[in-house]
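Here the structure comes first, spelled out in structure tokens, and everything after it is commentary.
Nothing in this text is a laboratory measurement; each read-out follows from the coordinates by a stated rule. This structure is a prediction, so every number in the text was calculated from the model and none was measured. Reconstructed Cβ throughout: ideal geometry from the backbone, glycine too, with neighbour counts over all protein chains shown.
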Amino acid sequence: MDQDLPQDQELIRRMLAGDERAFESFFNAYFPRLYRFALPRLNGDVEATRDVVQATLAKAMRKMSDFRGESGLFTWVCQICRREVVDHIRARRRHTRNVVLIDDLPDVRRAIESIEAPEEYDLVRAHGRGEVARLVRSVLDRLPSNYGDALEWKYMEGRSVEEIGERLGIGTTAAQSLLARARAAFREALERVFGADAADIAGSLGA
Amino acid sequence: MHDDDIERVLKAAGPREQPPAEIERELRESLRREWLAVVAERRGRRRTAVALAAGVMAATVGAWIAVPQITAPAPAVGTIAQVSGELRVRSGWLGRWQPGGDGRVVTEGEILATGPSARGALALAGGISARLDQDTQLRVAAADRLVIDRGAIYVDAGIESAAAAPLEIVTPTGSVRHLGTQYEVRVLDDGLRLRVREGRIEWHSGGTSATGVAGEELTIGADGSVGRGPVAIHGEAWDWAMQAAPAIDIEGLPLAGFLGWAARELGCRIEFSTQETEREAAGVILHGTVAGLPPARALEAVFATTRLRAVVLDGRILVSTRE
């Protein structure tokens, strides 16, 4: 679902050139998403999550020149994070059980990463509303940068298009356009991951 | 297509969890150091490669230059964006004072001092502008922490937003953090004076804290007592910070962009006399330079080249057409 590969490459080029604003953009865009990616995989252990996220982003920055754009930057960072989670659990042995998330089930992971819908698979029945709600939030994190934030600000916090534009440092017209693209990307992503439209998913979540 | 289904599914899923602010601050700084090390290492490698191509002797020198950068990359925290008069910099308390000019990189641990007729501005991470008044000395303790020993500092953290970069100003009378965006911290002989132009700031010392909002002046006594009073968000109270404002590059800039900058620097809002005037202003692209001019003078200089007129009055920039 990473649709901004040219932007990823440009961001990396600027970071490696020492552009401070590029570092800030990278950190602001990826740190919260990666934190949310790692936290449930480490049983909600905040300290362990901090260590793993730090190690992941440090490793990502050191290997950045090797990034070839075969996947999106966030997908690439998540792959590093998965290995860090495994290493952390092995090294610390602080977790008594290996956490397997719904996101990591082969069908779901493939759907998230390569946009293929799992067929004939009722996620709500199999995993419960809580996990499905978390998966919806994961989908938001996998949308191109700013889309997830813009959707949350608009539909959960009730912010106006003008406010969203101000927050993103863009004009009102550009914010309207971004919201339209964000809605389309979110609908498409939900259908590919869940094999159902937004209305059906909302219904299955009891909304 | 209605957006109702999007709203329902988002509300049913609930908000995404935000990482704790403390962890975010900690990781931002540690990763910034990691990133600077990566950049320094790459530059060192590049330099070494060039040196090797030039010959054995040159390669030796190139590697010698590169080694300190690989092993101890300078933790750069910003640059000097504007200097008027003499601004001096030294690397820690044992370093030697050196002149600090425009564009000089400022690193962690360095101390900056302005003389009795000097002012300066720093461009820090996250778009923060920090301006030093005359007779000011401060130490850059970290990318997000400035320790001011004497004088005054004006901070502009950019357009108010939840994502504003964190910055702590440490003074002999407690610390100040911005929750908003434009404010002045002045060290007094017997305490501290805080003036808030936009947004909010929070002062704390030990177990005591106080919040100041836009248009408010807080006087903190050496004993921690807090006095409050009003301060105009435009006018002479902020003149020195305007004098120290970094120059704006106007070449190719729309007039609207320049007006936005001037309004922010002057603490004013923009008013057009008519919609026609606003439309005319929207079509103007600027050329040339206003380097060295403080905002009010830059405003005069720029508008003198257009068919429009700008007058600063009672916290407003009034834009009209010349008759």
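The local environment of A:Met61, defined by Cβ-Cβ distances under 12 Å, has a net charge of +3 under the rule Lys, Arg +1 and Asp, Glu -1.
Sorting B:185-195, A:32-42, A:150-160 by their mean Cβ neighbour count within 10 Å, with the most densely packed peptide first, gives A:32-42, B:185-195, A:150-160.
Taking 0.36 nm per residue of separation and subtracting the current Cα-Cα distance, fully stretching the chain between B:Thr321 and B:Ala141 would add 59.9 nm. Look at the stretch A:60-70: the mean tally of other chain Cβ atoms within 10 Å of its residues' Cβ atoms is 2. Calculated FRET efficiency, A:Glu70 to A:Ala184, Cβ-Cβ distance, R0 = 35 Å: about 0.90 to the nearest 0.05.
Entry note: chain B has Rg to Rh equal to 1.04, where both radii use alpha-carbon atoms and Rh is the Kirkwood radius.
Extension gain for B:Gln98-B:Glu276 works out to 58.8 nm (0.36 nm per residue, less the C-alpha to C-alpha distance). Two tests apply to each whole DSSP H helix in chain B, Cα reach of 15 Å or more along its axis and mean Kyte-Doolittle hydropathy of at least 1.0, and the ones passing both are B:56-71. Projecting the Cα atoms of B:Gly78, B:Val38, B:Cys268 onto the dipole axis of chain B, where Lys and Arg carry +1 and Asp and Glu carry -1 at the beta carbon, places B:Val38 farthest toward the positive end. Candidate cross-link partners of B:Lys11 among the lysines, defined by an alpha-carbon separation under 20 Å and a same-chain spacing of 8 or more, comprise A:Lys154. In chain B, helical runs assigned H by DSSP with n ≥ 4 each contribute -39500 (n - 2.57); averaged across all residues and rounded to the nearest 500, the mean residue ellipticity at 222 nm is -9500 deg cm²/dmol.
The distance between label points at A:Glu47 and B:Thr305 comes to 6.1 nm (points 7 Å beyond Cα on the Cα→Cβ vector). Projected onto their three principal axes, the Cα atoms of segment B:76-239 cover extents of 40, 33, 31 Å, largest first. Springs join every pair of Cα atoms under 10 Å in this Gaussian network model of chain B, and among B:Gly158, B:Gly127, B:Gly95 the largest mean-square fluctuation is at B:Gly95. Each semi-axis of the equivalent ellipsoid for segment B:247-321 is √(5λ) with λ an eigenvalue of the Cα gyration tensor; in descending order they amount to 17, 15, 10 Å. B:Ile111 sits among other residues whose Cβ lies under 15 Å from its own Cβ, and their net charge, with Lys and Arg +1 and Asp and Glu -1, is +2. Taken residue by residue and averaged, Cβ atoms of other chains lying within 10 Å of the Cβ of A:160-168 number 1.
Averaged over peptide A:20-26, the number of partner chain Cβ atoms lying within 10 Å of each residue's Cβ comes to 5. Our summary gives segment A:145-207 a relative contact order of 24 percent, counting only alpha carbon pairs under 8 angstrom and 6 or more residues apart. Among residues other than B:Glu22 whose Cβ falls under 12 Å from its Cβ, what is the net charge (Lys/Arg +1, Asp/Glu -1)? Every neighbour counted, the sum reads -1. Taking every Cα-Cα distance in segment B:202-303 and sorting them into 5 Å bins starting at zero, the pair-distance distribution P(r) comes out as 2, 11, 18, 16, 14, 11, 9, 7, 6, 4, 2, 0 percent. So what's the gap between the Cα centers of segment B:180-205 and segment B:80-140, to the nearest angstrom? That distance is 20 Å.
Between B:Thr211 and B:Asp190, residue separation times 0.36 nm minus the direct Cα-Cα distance comes to 5.6 nm. Using a cutoff of 8 angstrom between alpha carbon atoms and counting only pairs six or more residues apart, the relative contact order for chain B works out to 9 percent.
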